[in-house]
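In what follows, a structure is listed as structure tokens, so that the remarks can point back to it.
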Protein chains: 2
Amino acid sequence: MKICTNEERQSYLDAYPIAHLFAFPIEEFIEVHEYKRDEWMIREGMRPDYLFYVIEGKAKIYVTHQNGKVSLINFINAYDYIGEMELLNEVYYTKGIRTSTKTVCYAFPFHLCREKMLEDVNFLRELTKFLSAKATKMAAKYSQSLAFPLENRLADFILQTADEEVYKEKHVTVCDFLGVSYRHLLHVLGQFCEKGYLKKDGRRYCIQQYDSLKELAGKLRNQ
Amino acid sequence: MKICTNEERQSYLDAYPIAHLFAFPIEEFIEVHEYKRDEWMIREGMRPDYLFYVIEGKAKIYVTHQNGKVSLINFINAYDYIGEMELLNEVYYTKGIRTSTKTVCYAFPFHLCREKMLEDVNFLRELTKFLSAKATKMAAKYSQSLAFPLENRLADFILQTADEEVYKEKHVTVCDFLGVSYRHLLHVLGQFCEKGYLKKDGRRYCIQQYDSLKELAGKLRNQ
DNA sequence: TCAAAAATAGGAGATATCTCATATTAAAGT
DNA sequence: ACTTTAATATGAGATATCTCCTATTTTTGA
């Protein structure tokens, strides 16, 4: 991790203005942190000292269970917050955050900003929207995971992450995210190929029948 | 549903003061709604016109999937909000809310209160805490549901809902909540009895080995 | 550049969980 | 009080998913 200073810091601040989200002058408190790919921004169980606002890059939220299973709880993208739970709650089990690409964040030190932020109507309104989206998404994922087999959830995931016709997520990541074993994921991908929905091309999968996948994924939604 | 007026309304307002949560005079806008047991407060898919704040009673949040399965997403208790998603988001699939006991709510009409609430730093701070707790809980349930078999989640649920040594939740409710079939729930309850963790007593179950259940439930937690 | 680690791949058998069918009992409505 | 509906109970067979094992390929790091 690298903390940007001077011109570098300023150029991020210019490229991603954020003052409008706050009623008080926030810029002076902002640190700009640059994380490399595959770096732990926050270690599981260790409370962070900052509220982060992602301006570039991608990361993942992980939690490790006592039985050794790892859940990838969600993906984090630009304009997401990290550490807002710790900002709001004294007691909270901190999840691990790991970058999956180079990631740049604004980091607001709690000890300087917490009070002000919790008095700031602009920021709080922004945060409620972020949190309501998060809660909604989690509730949807939760109920879907219990109500549908992998087939449907995987079809949805493929459509959401495919780049044009090409699906190429790492299996290991997808297992953690969808909460199934590697073996079973491969099994269902194999079925999709057999049925002609996908075609395997080396390590990639090419979507052959959009509509079939859409139908499977569509069953998840009323929402 | 009944809307309380005059003395009745006032006596609720006196018994459950709420002005301190708002920076503006809220009382004049409050309607007091009384719902009977097993009444639908909000029908799935129908946007409500109010933000509700529960002051007495219990309710459940339901969503129906396209495959006919019903998920009981969460329980609602006194001091919870209902309709906060619709307050914040223009686009949102409204879940069904059904009371399980007589329930009394403060109802704030959106058309009169939305603007003011979204400008109110006290209320927003309160709401962020509520939402962060909700998001956290959902994330925990989600990852647990994928990482652990029913055995562990049921043990946890029994300990959370048992009244002294007596567990007596309706099976049908529990199925919807834990996302398993009736048949399987009974199967695992049967195992608990065989192992001596529970003893069946008519329609109730009596906890015989707290520690065994605690051990099973404890595996869910690092959190 | 080479060894170690991570990711992919698939077989085989176990188990968690589901579906369907059928009875019985309790609760609710008129 | 009686009919209808909801809840409980259980068997049997199907399927979704897991665990463990082993082999190959790719990526990573010193």
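Test residue B:53 against the criterion of being outside any loop (DSSP other than H, G, I, E, B), touching a residue at least 60 places away in the same chain (Cβ under 8 Å), over 9 Å from the mean Cα position of the chain (by Cα) and more than 8 Å from chain A (Cβ to nearest Cβ), and give yes or no. Here the answer is no, as residue B:53 does not meet what is asked.
In segment A:147-181, of all residues being open to solvent by 30 Å² or more (accessible area, probe 1.4 Å), of a type outside the set (D, E, K, R) and more than 19 Å from the chain's Cα centre (by Cα), the one that is nearest to residue A:61 (Cα to Cα) corresponds to A:181. No other residue among A:76, A:42 is touching a residue at least 24 places away in the same chain (Cβ under 8 Å), among the aliphatic types (A, V, I, L, M) and either within 30 Å of residue B:145 (Cα to Cα) or in contact with a helix residue (DSSP H, G or I) (Cβ under 8 Å, 6 or more places away or on another chain) (or both) apart from A:42.
Whenever a residue of segment B:131-151 is more than 7 Å from chain A (Cβ to nearest Cβ), its partners that are assigned to a helix (DSSP H, G or I) and of a type in the set (Lys, Arg), lying with C-beta atoms within less than 8 angstrom and at least six residues away or across chains, give the pairs B:144/B:153. As a summary of the residue check, residue B:204 satisfies the conditions (1) among the charged types (D, E, K, R); (2) at pLDDT 95 or above; (3) within 15 Å of DNA strand D (Cβ to nearest atom) except for the one numbered (2). Apart from one condition, residue A:63 fits all of (1) within 30 Å of residue B:121 (Cα to Cα); (2) within 14 Å of another protein chain (Cβ to nearest Cβ); (3) among the hydrophobic types (A, V, I, L, M, F, W, C); the exception is (1). Filtering segment B:82-130 to residues that are more than 9 Å from chain A (Cβ to nearest Cβ) and basic (Lys, Arg) leaves B:98, B:102, B:114, B:116. Just for segment B:126-146: of the residues that are open to solvent by 50 Å² or more (accessible area, probe 1.4 Å) and more than 21 Å from residue B:60 (Cβ to Cβ), which one is farthest from DNA strand C (Cβ to nearest atom)? Filtering segment B:126-146 for residues that are open to solvent by 50 Å² or more (accessible area, probe 1.4 Å) and more than 21 Å from residue B:60 (Cβ to Cβ), the one farthest from DNA strand C (Cβ to nearest atom) comes out as B:126. Taken across segment B:26-42, residues that are touching a Gly at 6+ places or on another chain (Cβ under 8 Å) and buried (at least 18 other Cβ atoms within 10 Å of the Cβ) do occur, with at least one present.
The single residue among A:115, A:86, A:126, A:119 that is among the acidic types (Asp, Glu), assigned to a loop (DSSP other than H, G, I, E, B) and assigned by TED's automatic domain parsing to the domain that holds residue A:18 turns out to be A:119. Among the numbered conditions (1) assigned to a strand (DSSP E or B); (2) more than 13 Å from chain A (Cβ to nearest Cβ), the only one that residue B:78 does not meet is (1).
Only residues that are in a loop (DSSP other than H, G, I, E, B) and under 11 Å from residue A:71 (Cα atoms) were counted across segment A:154-183, and they come to 2. For first residues located in segment B:182-196 and near DNA strand C (Cβ under 8 Å from one of its atoms), partners that are in a helix (DSSP H, G or I) and open to solvent by 60 Å² or more (accessible area, probe 1.4 Å) and lie 6+ apart or on another chain with Cβ distances below 9 Å form the pairs B:182/B:172.
Residue selection: residue B:132 fails the criterion of being hydroxyl-bearing (Ser, Thr, Tyr), part of a strand (DSSP E or B) and within 16 Å of the chain's Cα centre (by Cα).
The values are calculated or read from the model by the stated rules, or taken from the named source; none is laboratory data. None of these values were measured; they are calculated from a predicted model. Glycine also receives a Cβ, built like all others from the backbone with ideal geometry; neighbour counts cover every protein chain displayed. Quick note on the areas: whole protein, heavy atoms, side chains included, nothing else; ligands and nucleic acids left out. Shrake-Rupley method; radii C 1.70, N 1.55, O 1.52, S 1.80 Å.
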